[in-house]
Structure formats: structure tokens, C-alpha cells
Amino acid sequence: MADDFCFFSKDSFIIKPPKASPMILRMVVLIFAMVCGVYICSIGLKQIGGHSSGRIVSVHVVEKPCEATDIEPSEKPYVHFPKPKTFSRAECACNPVRNFAILSTQRSGSGWFETLLNSHMNISSNGEIFSVKVRKSNVSTILDTLDKLYNLDFFTSASKNECTAAVGLKWMLNQGLMQNHEQIVEYFKTRGVSAIFLFRRNLLRRMISMLANSYDQSAKLVNGTHKSHVHSPKEAEMLASYKPTINTTLLIPNLKQVDNMAIKAVQYFNSTRHIILFYEDIIKNQTILNDVQDFLKVPRRDLHSRQVKIHKGTLSSQVENWVDVEKTLKGTPYESFLHADYKI
């Protein structure tokens, strides 16, 4: 047994191996446990992935569609729940919206009528959108513009956004409406758009207003500024000071042309949901505005406008060549236009 021992000289060093540190052992065990944990998790994920063909399962929250409750079946095509791209309707998302269009001719009281509607907290009428040429260049641009409007993505000073209950525009008959009436009628019927016709009974008064407005575009009688509508009696008096001279040769043909255009418009849109109003009737009886609110299915409110009427009083005081006009219209279907039709 002695032979198995090794002897070292006194000059040799005996190096003893250091004892393993407890901290190092703990670290080794911890790392091993982590590696095992990662391995086990990776195997589990692979098994789950195998069942889903390698795709990540996503959960989509399906919004409950808005429903038109307490509405008669015949009215449902005219009730909409728009989803604007430019803003959120928030808590008003399921408030129903009705689409409308005021169909009229220039200087027929449509500007005043629209301000009355816009005084209602739930109505947004967005003016003469199609007075801009590019928007009425063809039927496609017209329909695209209407889509944007009725989706509440067309912004004007009249926009009430989230809680609008009725949205529309003022559309003159000569702004692409008559030329594209077939496609627009179909659009109105498909999208549930209600038409509000507004005309003047006395087309001679309309002609005087047209001529005076045309003159002011260059004359700018109100402090060097052209104004189609005014908000003070003083400004109205300044504009009314101009008395146009009417071309009596073209008077009857012009009256007939405007009259026929209005008749055709009603015929074209007769299959749509519509109401026919006259400016003079509203002036004399503003309870008609309740009928309009009922037509749009909005709560009745007292409607008001800041606009002031420009031409008042008898027609004879508003035309330079009244005697000639009187002679031209006497004995014709338009003779009644010579007489006072309402008082202001």
C-alpha cells in the first residue's frame, strides 16, 4: 500500500483544489431551470400553433347594429345611421338621421328658409353645395358629393355633427339637377332622400330681385360690398334703392321659362317623398314651418332668422318702367303678378 503513495520533495508546492462557492451552484441551478422552462413553453406553443395552422387567433368585437325602433315600416327607408369617416358620433351613433334636399330657384326665398331650418338644433342644411362648378361637372361627382354629405363628412358652418337628426342642402334647379334628374331621382329613392320644393308664386317679384341682385354684384351698394342677403333694415333700404328696368320684350318668355322649369322639376321628382312650399305662403302663415318639421320628423321648435327682407311694398315702387310692365302683362296669364300678393 505504501507503494501507492507519491512523495514530493520539500521544494514542491501542493495545490489544493478550491471548494465550489454556494452562490455559483445556485446560479447554475437557476439557469438550468430557466432553460427547461423555456423549452417546455416552446413545445407547448408549437402544439397550439399546430392546431391553428400557424396563424395567430384574433378576436373581433362585433358592434350591434343600430335599429330604428318605434318607426312605422313605411318610414324605415328614410331613417339612416351614418358612420362618418372624419369623426365619431359617439353617444349619438344610434340616433337616426333623415336626408333632405331643398329644391328651388335663385331669389325664391331659399336662403331665408334655410336659415330658419338651421336655427333648429337638430337640422343641418349646408347651403348651395353645387354652386361650385367642379362638384356638378358630371353625375358621378354629384353623387359622390351627396354620399359625402349624407354620411356627415361634408363640413360647413351649418354642420351640427354628432347629434344631427336631419341633414341636407339647398339645390338650385339649374345646378345640374334638371340635366341629371333621372340618376338623381333614383339616388333619392335608393338613399331615402326627401325633397322640399320651395318656389315663389309671384315670378315678377322674383325677376325684380334677380335684376337687383345682379346689379349689386358690380355696384356693391352696401359699403362697397356685394350682399345677396342682409341683416339690418338700413342695408335692406340701401339695396332696395335701385329700381331695375325690365325688358318687356323678354318678360313673358322669361316668366314662362321659370314657370315651366318648376313644373318639370315636380314632375321629375314626383315619385320621391316630397313636399311643395311657396315663399309667399310661409310669409303669411309661419305655422307652415311646423309642417316642415313634421315632414323631417324632428321635434317642433320656434324657428327664426336674422335675415331682413329687401324689397317691400308695392311692385310699382320697385320698377323703373312700371307702366310698360303693366301694359305687357295685362290680359295674360301673368296679370295677377301685378297685384299685391302679401303684406310685410
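Derivation of every value follows stated rules applied to the coordinates shown; laboratory data play no part. All figures in this text were calculated on a predicted structure; none of them were measured in a lab. Counting neighbours? That spans all protein chains shown, and the Cβs are built from the backbone with ideal geometry, glycine included.
Centre-to-centre separation between the Cα atoms of the stretch 101-123 and those of the stretch 242-312: 10 Å.
If the segment from Ser317 to Lys220 were pulled out straight at 0.36 nm per residue, it would be longer than the present Cα-Cα gap by 32.8 nm. Can you give the FRET efficiency for Ala68 and Glu162, using 1/(1 + (r/R0)^6), R0 = 30 Å, r = Cβ-Cβ distance, to the nearest 0.05? Given R0 = 30 Å and the Cβ-Cβ separation, E is 0.95. A cut-off under 12 angstrom between Cβ atoms defines the neighbours of Asn270, and their net charge, with Lys, Arg +1 and Asp, Glu -1, is +3. Here the stretch 90-179 is treated with +1 on each Lys and Arg Cβ and -1 on each Asp and Glu Cβ, and its dipole about the Cα centre works out to around 340 debye. Among the trypsin sites (Lys or Arg not before Pro) within the stretch 214-261, those in coil by DSSP and having at most 13 neighbouring Cβ atoms inside 10 Å are Lys220.
Among residues other than Trp112 whose Cβ falls under 12 Å from its Cβ, what is the net charge (Lys/Arg +1, Asp/Glu -1)?
Numbers: positive: Arg107, Lys170, Arg200, Arg306, Lys309; negative: Glu114.
Neighbour charge sum, excluding Trp112 itself: +4.
With r defined as the distance between the Cβ atoms of Glu75 and Ser137 and R0 fixed at 25 Å, what FRET efficiency is calculated, to the nearest 0.05?
Working: r = 34 Å, r/R0 = 1.38.
That pair, Glu75 with Ser137, gives E of 0.15.
Taking every alpha-carbon pair in the stretch 79-136 and binning the separations at 5 Å intervals from zero gives 4, 14, 19, 22, 19, 14, 7, 1 percent.
Find how much the distance from Ile252 to Arg300 grows on full extension, using 0.36 nm per residue of separation minus their present alpha carbon separation; answer in nm with one decimal. Could you put the intermediate results ahead of the total?
Numbers: separation 48, 0.36 × 48 = 17.28 nm, distance 4.07 nm.
Between Ile252 and Arg300, full extension yields 13.2 nm more.
Work through the residues other than Leu315 whose Cβ is under 11 Å from its Cβ and net out their charges, Lys, Arg +1 and Asp, Glu -1. Don't skip to the end; give the middle numbers.
Working: positive: Arg205, Lys243, Lys312; negative: Glu326, Asp341.
Net of charged neighbours comes to +1.
What are the semi-axes of the equivalent ellipsoid of the stretch 250-344, taken as the square roots of 5 times the eigenvalues of the Cα gyration tensor, listed largest first and rounded to whole Å? Equivalent ellipsoid semi-axes, largest first: 31, 21, 10 Å. For the stretch 77-83, putting each phi into the Karplus relation 6.51 cos²θ - 1.76 cosθ + 1.60 with θ = phi - 60° gives couplings of x, 9, 10, 10, 10, x, 10 Hz, in residue order, rounded to whole numbers and with x for Gly and Pro. Farthest toward the positive end of the dipole of the stretch 109-239, out of Trp112, Ala236, Ala158, is the Cα of Ala236, where the dipole comes from beta carbon charges about the Cα centre.
Give the whole-number value, in cubic angstrom per residue, of the convex hull volume spanned by the C-alpha atoms of the stretch 125-253. Don't jump to the answer; show the numbers that get you there.
On the way: hull volume 21.4 nm³, N = 129.
That works out to 166 Å³ per residue.
Listed by chain and number, the aspartates and glutamates placed with their C-alpha closer than 18 angstrom to that of Lys327 are Glu335; residues fewer than eight positions away on the same chain are left out. For the stretch 314-344, the set of trypsin sites (Lys or Arg not before Pro) satisfying both a DSSP loop assignment and a count of at most 10 other C-beta atoms within 10 Å is given as Lys330, Lys343.
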